[in-house]
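Notes to accompany the following structure.
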Amino acid sequence: MDKFRDKTRDNLYDNLINLGVDCKLAKRKIVEEKLFNSWYQRSLGIIEINENTPVKYINILKKDGGKDNPPRWWHYFAVPSEKIRSKEDLLDIQTTRKKNFPIFGKVKEIIWKPNSFGKSLAEIFKNDNEINNLAFEIGDIRVQSLHDNFSGYAIEIEPKGRKIGSRGSLNLTINHWNTINKMAHLCLGTG
């Protein structure tokens, strides 16, 4: 049965351990698995981060593929905050990867699309080479402030340009990890 289980969470965990990140695989069916878990997705589980970083855990979600669409994965880097933003000032910033040729071309530009509350933070992201390189190298990024059951921010990464066989796994470098945490620090500074 383990042969058919999606190992995206295990692969990211091994990747983080190899980078020297102190983390562990959390028990299944915990409340954190519900972060951004819609009816069409399922959580592959949580990776808890045991370091003094703003990212405290990672929730990996998967949408199974169908006849005409491949499976998709999303990695949510959870950044708790004691500052509570109201629902009315929801921060939301998304990237668009502009290619030199539609669908198959190389990414030539990252465009940061904020809502009205995310404009200043999006401008900081846009002017930071490390953050732009992160989006170029690993995929689409979305940053949102969260309310209700989780107060803080989520940095969502949907891997793009996956090589055949790599599935939905992120293969982070230490620079990627540090840049994700840099984004998290910037989010916490916007409160």
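Which of the trypsin sites (Lys or Arg not before Pro) found in the range 94-154 are in a DSSP loop and have at most 16 neighbouring Cβ atoms, other than their own, within 10 Å?
On the way: sites: ARG97, LYS98, LYS99, LYS106, LYS108, LYS119, LYS126, ARG142; in loops: LYS106.
Sites meeting the loop and neighbour criteria: LYS106.
Cross-link pairs exceeding 32 Å between alpha carbons, from the set LYS7/LYS119; LYS62/LYS119; LYS83/LYS108; LYS67/LYS160; LYS27/LYS113; LYS24/LYS108: LYS7/LYS119; LYS83/LYS108; LYS27/LYS113; LYS24/LYS108.
Check each of the trypsin sites (Lys or Arg not before Pro) in the range 2-64 and keep only those in coil by DSSP with at most 11 other C-beta atoms within 10 angstrom; list them in order.
Numbers: sites: LYS3, ARG5, LYS7, ARG9, LYS24, LYS27, ARG28, LYS29, LYS34, ARG42, LYS56, LYS62, LYS63; in loops: ARG5, LYS7, LYS27, ARG28, LYS29, LYS56.
Those satisfying the criteria are ARG5, LYS27, ARG28, LYS29.
Fewest neighbouring Cβ atoms within 10 Å first, the residues CYS187, CYS23 line up as CYS23, CYS187. Here the chain is assigned +1 on the Cβ of each Lys and Arg and -1 on the Cβ of each Asp and Glu. Its dipole about the Cα centre then comes out at about 740 debye. Taking only the C-alpha atoms of the range 30-70, the Rg (one decimal) and the largest Cα-Cα distance, Dmax (whole number), read 12.9, 43 Å.
Scan the chain and hand back the longest stretch that contains none of the GluC sites (Glu not before Pro) lying in DSSP loops with at most 15 other Cβ atoms within 10 Å. List each step's numbers first, then the result.
Details: sites that count: GLU51, GLU82.
It runs 83-191.
How large is the helix-only mean residue ellipticity at 222 nm for the chain, computed as the sum of -39500 (n - 2.57) over DSSP H runs with n ≥ 4, divided by its residue count, in deg cm²/dmol to the nearest 500? Provide the component values of the computation, followed by the final result.
Numbers: 4 runs with 45 residues, N = 191.
That calculation yields -7000 deg cm²/dmol at 222 nm.
What share of the DSSP beta bridges in the chain is antiparallel, in percent to the nearest 5? Of those bridges, close to 100 percent are antiparallel.
Across the range 5-14, computed HN-Hα scalar couplings (Karplus, 6.51 cos²θ - 1.76 cosθ + 1.60, θ = phi - 60°) run 6, 5, 9, 4, 5, 4, 5, 5, 4, 4 Hz from first to last residue, x flagging Gly and Pro.
Please give me, ordered by residue number, the chymotrypsin sites (Phe, Trp or Tyr not before Pro) of the range 91-191 that lie in loop per DSSP and have at most 15 other Cβ atoms within 10 Å.
Values: sites: PHE104, TRP112, PHE117, PHE125, PHE136, PHE150, TYR153, TRP177; in loops: PHE104, PHE150.
Listed in order of number, the matching sites are PHE104.
Here the range 2-188 yields Rg over Rh of 0.94, to two decimals, using C-alpha coordinates and the Kirkwood radius.
Bear in mind that the values in this text are calculations on the coordinates, not laboratory data. Predicted model only: the values in this text are computed from it and were never measured. Note that we place each Cβ from the backbone using ideal geometry, even for glycine, and neighbour counts take in every protein chain shown.
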